[in-house]
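Before any comments, here is the structure.
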Amino acid sequence: MATDTQTSRTVAEQFVERLGRQDPDGIQELFAEEIDWHVPGSDALPWTGRRTRREEVAPYFTTMWPHFAQGRSKVVLERVIVDGGDVVLLAVFTHTVASSGREFTTPAAMHLVVEDNRIVRMHLYEDTLTVGKAFDAG
């Protein structure tokens, strides 16, 4: 039987893999029915804010992804730290805004909490000022 840490790592790896292939429904399947989701940022950006239910996960990605120029995003996953049900993903995101062609780079940390093989919490920490400025929403 897998330990909490092993299970959490496996779920996080599935999350990263599905994120990489832009599979919003597959990502959503990894979440519990009730979640604590927070992506801070400007209210002018329609994907920021809180979500509390699994069915809100896929729309987050399908709302956000079209705002980035296809094939011009880069995510460098630098480290995965797992402690029991807590998983911290440390990365650097580089995206190009589709509407303006403006590129931006931000360090990011994502805190996932896994319980009963499902993600119950996802909090994203990134340079929201840089993101907002790239979209003229800062």
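What follows is calculated from the coordinates using simple rules that are stated; it is not laboratory data. Please read these numbers as outputs of a predicted model, since none were measured by experiment. No Cβ is skipped: glycine too gets one built from the backbone with ideal geometry, and neighbour counts run over all protein chains shown.
Observations, loosely collected:
- Taking other residues whose beta carbon is less than 13 angstrom from the beta carbon of His95, and scoring Lys, Arg as +1 and Asp, Glu as -1, yields +1.
- Summed side-chain charge close to Glu115 - residues other than Glu115 whose Cβ falls under 10 Å, Lys, Arg +1, Asp, Glu -1: 0
- Listed values for region 127-132 are Karplus-derived 3J(HN,Hα) couplings in whole Hz (6.51 cos²θ - 1.76 cosθ + 1.60, θ = phi - 60°), namely 7, 5, 5, 5, 4, x, and x replaces Gly and Pro.
- Residue among Gly20, Gly49, Gly84 with the largest mean-square fluctuation in a Gaussian network model of the chain, springs linking Cα atoms under 10 Å: Gly20
- For the chain, the orientation-averaged shadow of the C-alpha convex hull comes to 7.5 nm² (one quarter of the hull surface).
- Computed from the Cβ-Cβ distance with R0 of 30 Å, the FRET efficiency linking Gln70 to Thr5 stands at 0.25.
- Compared with the dominant Cα axis of the chain, that is its longest principal axis, helix 4-20 is turned about 30°.
- 3J(HN,Hα) from dihedral phi, region 39-53, Karplus parametrisation 6.51/-1.76/1.60, rounded to Hz, x for glycine, proline: 10, x, x, 5, 5, 6, 9, x, 9, 7, x, 9, 9, 10, 10
- Whole-Hz Karplus values for region 104-119 come out as 9, 10, 9, x, 9, 10, 10, 9, 9, 10, 10, 9, 6, 6, 10, 7 Hz, taken residue by residue from phi with 6.51 cos²θ - 1.76 cosθ + 1.60 and θ = phi - 60°; glycine and proline positions read x.
- When +1 charges are put on Lys and Arg Cβ atoms and -1 charges on Asp and Glu Cβ atoms, the dipole computed for the chain relative to its Cα centre reaches about 460 debye.
- If the chain linking Ser42 and Glu103 were pulled fully straight, counting 0.36 nm for each residue of separation and taking away their Cα-Cα distance, it would gain 20.2 nm.
- Region 1-75 - percent relative contact order, Cα under 8 Å, separation 6 or more: 23 percent
- For region 1-100, applying the loop criterion from DSSP together with a ceiling of 16 other beta carbons within 10 Å to the trypsin sites (Lys or Arg not before Pro) yields Arg21, Arg72.
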